[in-house]
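**Student:** Here it is, the structure in full.
The values are calculated or read from the model by the stated rules, or taken from the named source; none is laboratory data. Here the structure is a predicted model, which means the values were calculated and not measured. Here the Cβ is made from the backbone with ideal geometry for all residues, glycine too, and neighbour counts use every protein chain on show.
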Amino acid sequence: MLFTGAHIFLGEKGFVPGNLAVSGDRIREILTEGRQEEESEDLGGAYVIPGLVDIHTHGNSGADFSDGSAEGLRRMGQYLAQNGVTSFAPTSMTLPYDQLEKAFQTAEEYMKNRPSDGARVAGVHMEGPYFSEKRKGAQNGAYLKLPDVEGFRRLQKACGNAVKIVDVAPELAGAETFIREVSEYCKVSLAHTDASYEETRRAFEAGASHVTHLFNGMRPLHHREPGVIPAAAERADVAVELICDGIHVHPAVIRMVFRLFPGRVCIISDAMRGCGMPDGEYVLGGQTVILQDGRACLADGTIAGGAKNLFQNMVSAIRFGIRPEEAVLAATLTPARELGMDAEIGSLAPGKKADFLVCDENWDLQRVYLDGRRIR
């Protein structure tokens with residue numbers, strides 16, 4: 001199948017007029033000039049971008065990964081695919097190991113039997129339980145633990161070694177040893193931490209290379225006590241997550257982050273089960289969350305996850321002044337790299353999965369293709 005008359009996103013080259021040739025579930029080639037094909041479709045100048053990759057999403061459609069429900073995870077995957085997210089890392093919360101183990105098993109089952117209209121699970125993101133009480137945010141303090149290599153291995157086994165990112169507060173006892181050992185198997189990310197600048201630097205030297213939802217759940221940036229944020233900015237090998245819904249982080253700070261971390265920003269949703277649902281009461285990590293006017297909070301006002309999907313976050317970033325090329329990269333190839341999946345997903349190139357989106361000039365999502373098949 002040849003898709004003609006498109007503006008195709010080609011990474012550093014930006015949007016290039018051309019044609020996209022697809023064979024089966026793969027991209028065959030990208031052409032700057034048209035040619036005769038048995039079957040072709042004119043996209044009329046639409047913008048074609050890779051399917052989005054959400055490396056931090058807890059739930060949507062009333063379901064949460066940590067529920068350990070196979071049906072719920074299927075519902076999550078189908079919602080995501082319909083909204084332009086073709087790959088994702090279901091993300092756990094701070095909960096007892098038994099509950100997490102059940103959830104992680106559903107990820108392995110999903111990967112083996114993915115519905116044809118569901119986004120692919122490209123890995124699992126283990127958010128917790130190795131966090132600081134002081135910066136736990138909406139994580140459930142009753143289940144916090146010190147870094148535990150054996151506990152990590154138990155959960156890694158439960159999902160068939162699919163954990164691609166695991167979070168830890170580096171100031172905790174045993175964190176440095178944990179980082180050195182676990183970074184051999186997956187990305188170690190700093191999160192829900194009160195770490196100082198010096199503690200953060202030691203964590204990066206030990207092997208950490210990622211920061212979860214920058215600014216949220218960590219020591220604020222201070223000119224005499226800089227903490228995680230400047231330490232991460234100084235490391236070219238560290239990528240950061242950013243929630244771009246305009247609620248978690250102010251638009252001015254979003255613009256600043258894209259300048260501080262060029263090519264190293266992963267836009268995420270951090271979505272909870274209320275994403276795609278009406279206002280009301282929901283549960284996150286065993287705690288009641290009130291969703292009202294797009295804002296999800298615990299009873300004490302603590303922000304508790306996002307209510308917008310990744311496509312909405314990406315478009316919001318563009319509306320806040322981020323160049324479309326930067327925003328698309330931050331929602332596609334950069335997160336795919338963090339999962340070690342960039343050879344398969346995250347960009348439009350010959351041999352890669354034919355996961356792509358068709359958008360109009362206003363960034364309205366028109367079509368979604370997953371494995372070369374139109375699903376929206």
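**Student:** Outside the structural domain of residue 12 (by TED's automatic domain parsing), in contact (Cβ under 8 Å) with a residue 24 or more places away in the chain and touching a Ser or Thr at 6+ places or on another chain (Cβ under 9 Å): is that true of residue 284 in this structure? Steps first, answer last, please.
**Tutor:** On the way: outside the structural domain of residue 12 (by TED's automatic domain parsing): yes; in contact (Cβ under 8 Å) with a residue 24 or more places away in the chain: yes; touching a Ser or Thr at 6+ places or on another chain (Cβ under 9 Å): yes.
Yes; evaluated as a whole, the condition is true for this residue.
**Student:** Give 264, 235, 273, 219 a once-over and let me know the one that is of a type in the set (D, E, K, R) and surrounded by fewer than 20 Cβ atoms within 10 Å (Cβ to Cβ). Walk me through how you get there before you give the answer.
**Tutor:** Details: 264 fails: surrounded by fewer than 20 Cβ atoms within 10 Å (Cβ to Cβ); 273 fails: surrounded by fewer than 20 Cβ atoms within 10 Å (Cβ to Cβ); 219 fails: surrounded by fewer than 20 Cβ atoms within 10 Å (Cβ to Cβ).
From the options 264, 235, 273, 219, the qualifying one is 235.
**Student:** Considering only the range 79-102, I want to know if a residue exists there that is β-branched (Val, Ile, Thr), at pLDDT 95 or above and either surrounded by fewer than 24 Cβ atoms within 10 Å (Cβ to Cβ) or assigned to a helix (DSSP H, G or I) (or both). It would help to see each step written out before you state the result.
**Tutor:** Restricting attention to the range 79-102, the residues satisfying the condition of being β-branched (Val, Ile, Thr) are 85-86, 91, 94.
So of that shortlist, the ones also at pLDDT 95 or above come out as 85-86, 91, 94.
In the following step, the residues that additionally are either surrounded by fewer than 24 Cβ atoms within 10 Å (Cβ to Cβ) or assigned to a helix (DSSP H, G or I) (or both) were identified as none.
No, there is no match, as no residue in the range 79-102 is β-branched (Val, Ile, Thr), at pLDDT 95 or above and either surrounded by fewer than 24 Cβ atoms within 10 Å (Cβ to Cβ) or assigned to a helix (DSSP H, G or I) (or both).
**Student:** On the given criteria, is residue 321 part of a loop (DSSP other than H, G, I, E, B), of a type outside the set (A, V, I, L, M, F, W, C) and surrounded by 24 or more Cβ atoms within 10 Å (Cβ to Cβ)? If you could, list the steps in order and put the result at the bottom.
**Tutor:** Details: part of a loop (DSSP other than H, G, I, E, B): yes; of a type outside the set (A, V, I, L, M, F, W, C): yes; surrounded by 24 or more Cβ atoms within 10 Å (Cβ to Cβ): no.
It is false that residue 321 is part of a loop (DSSP other than H, G, I, E, B), of a type outside the set (A, V, I, L, M, F, W, C) and surrounded by 24 or more Cβ atoms within 10 Å (Cβ to Cβ).
**Student:** Moving on to the next point. Just one of 24, 59 is assigned by TED's automatic domain parsing to the domain that holds residue 107, at pLDDT 95 or above and of a type in the set (Gly, Ala, Ser); which is it? Full working, then the answer.
**Tutor:** Values: 24 fails: assigned by TED's automatic domain parsing to the domain that holds residue 107.
Matching residue, one of 24, 59: 59.
**Student:** Could you list, in sequence order, the residues of the range 114-133 that are without any contact (Cβ under 8 Å) to a residue 40 or more places away in the chain and within 30 Å of residue 173 (Cβ to Cβ)?
**Tutor:** 129, 133 - these are the residues of the range 114-133 that are without any contact (Cβ under 8 Å) to a residue 40 or more places away in the chain and within 30 Å of residue 173 (Cβ to Cβ).
**Student:** Just give me the residues in the range 294-318 being in a helix (DSSP H, G or I) and either of a type outside the set (S, T, N, Q) or buried (at least 24 other Cβ atoms within 10 Å of the Cβ) (or both), in sequence order. Break it down stepwise before answering.
**Tutor:** Residues of the range 294-318 that are in a helix (DSSP H, G or I), as a first pass: 310-318.
Within the range 294-318, 310, 311, 313, 314, 315, 317, 318 meet the criteria.
**Student:** Being of a type in the set (D, E, K, R) and modelled with pLDDT of 95 or more is the filter; apply it to the range 276-293 and report the residue that is surrounded by the most Cβ atoms within 10 Å (Cβ to Cβ).
**Tutor:** First, the residues of the range 276-293 that are of a type in the set (D, E, K, R): 279, 281, 293.
Filter again for modelled with pLDDT of 95 or more, leaving 279, 281.
On the way: 279: 14, 281: 11.
Within the range 276-293, the match that is surrounded by the most Cβ atoms within 10 Å (Cβ to Cβ) is 279.
**Student:** Further question: Having 2 or more residues that are closer than 18 Å to residue 153 by Cα and in contact (Cβ under 8 Å) with a residue 24 or more places away in the chain is the bar; report the strands (runs of 3 or more DSSP E) wholly within the range 163-260 that clear it. Give the steps one after another, and end with the answer.
**Tutor:** Numbers: elements: 163-168, 187-190, 239-243.
Where strands (runs of 3 or more DSSP E) fall fully within the range 163-260 and carry at least 2 residues being closer than 18 Å to residue 153 by Cα and in contact (Cβ under 8 Å) with a residue 24 or more places away in the chain, they are 163-168, 187-190.
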